[in-house]
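Working notes, structure below.
Values in this text are rule-based calculations from the coordinates and carry no lab data. Because the structure is predicted, anything quoted here is derived from the model rather than measured. Backbone-built Cβ (ideal geometry, glycine too); neighbour counts: all protein chains shown.
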Amino acid sequence: MNKNIIYISVVLVVAAILSASSCNKGNDNPNMPIVRIDISIDPNSTIFYELNTVGGGMYLDGKPGVYIPPESRGIIVYRMDMNTFKAYERTPPNNPDECCNTHTKQCTALIFDVNTYPFVVDTCTSTKYSILDGVIVNGTGTYPLIEYRCDYNGAILHIYN
């Protein structure tokens, strides 16, 4: 009897582990740029004044001391509350090369500003994504925004993947 209980317990544990590890399979976005993001900023400084208040957002592209690798089209950062930030890749998660200019090799990037708030917009496909969780709210596509991890210690915001 004890052998049956042990066997059933082992089978259940293995099944649970396999189930948990396969939950996200198939949800990986093949359009995600292969890039290493590792950025630390002080969101309360004047350089990043757009992030000084809750609901503020900005692009990190071109900001002093911030290196965005060329494989990325930039990063959007949004302050959810005093201690929570969201960071998204500006490369459109669905059909990212649909509106690339073959002569200049320039491609569209997602936009987020006062005119689109609270949405991030793909100007090529007119797809709108929620800045709060990255999901599609209007338009077509399969994938949500490509999100980076954010850790904030009250002084420094670390954005990475």
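Values as computed for the structure displayed
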{"read-out": "Low-density loop positions, chymotrypsin sites (Phe, Trp or Tyr not before Pro), the stretch 32-125 - DSSP coil, at most 13 other Cβ in 10 Å", "value": "Tyr67"}
{"read-out": "Other-chain or far-sequence residues with amide H under 5 Å of Val137's (modelled H)", "value": "Lys128, Tyr129, Ser130"}
{"read-out": "³J(HN,Hα), Karplus 6.51/-1.76/1.60, whole Hz, each residue of the stretch 60-75, x for Gly, Pro", "value": "8, 4, x, 7, x, x, 10, 9, 10, x, x, 6, 9, 8, x, 9"}
{"read-out": "Neighbour cut-off at most 11 other Cβ (10 Å), DSSP loop, trypsin sites (Lys or Arg not before Pro), the stretch 55-161", "value": "Lys105"}
{"read-out": "Interchain or long-range residues, amide H under 5 Å from Ile75's placed H", "value": "Leu60, Asp61, Arg90"}
{"read-out": "Share of alpha-carbon pairs per 10 Å distance bin for the stretch 32-78, given as whole %", "value": "26, 53, 20, 1"}
{"read-out": "Qualifying GluC sites (Glu not before Pro) for the stretch 69-161 [loop in DSSP, other Cβ within 10 Å: at most 14]", "value": "Glu71, Glu98"}
{"read-out": "Theoretical gain in end-to-end length, Val54 to His103 [0.36 nm per residue, Cα-Cα removed]", "value": "13.6 nm"}
{"read-out": "Net length gained if the chain between Thr116 and Asp151 were fully extended (0.36 nm per residue, minus Cα distance)", "value": "10.0 nm"}
{"read-out": "Distance (nanometres) between label positions extended 7 Å along Cα→Cβ at Tyr160 and Ile47", "value": "1.9 nm"}
{"read-out": "13 Å Cα-Cα reach of Lys86 towards aspartates and glutamates, excluding residues that sit fewer than 8 places from it in its own chain", "value": "Asp133, Glu147, Asp151"}
{"read-out": "Gyration tensor verdict on the stretch 36-132 (Cα atoms; rounded if a/c is under 1.5, prolate if a/b is larger than b/c, oblate otherwise)", "value": "oblate"}
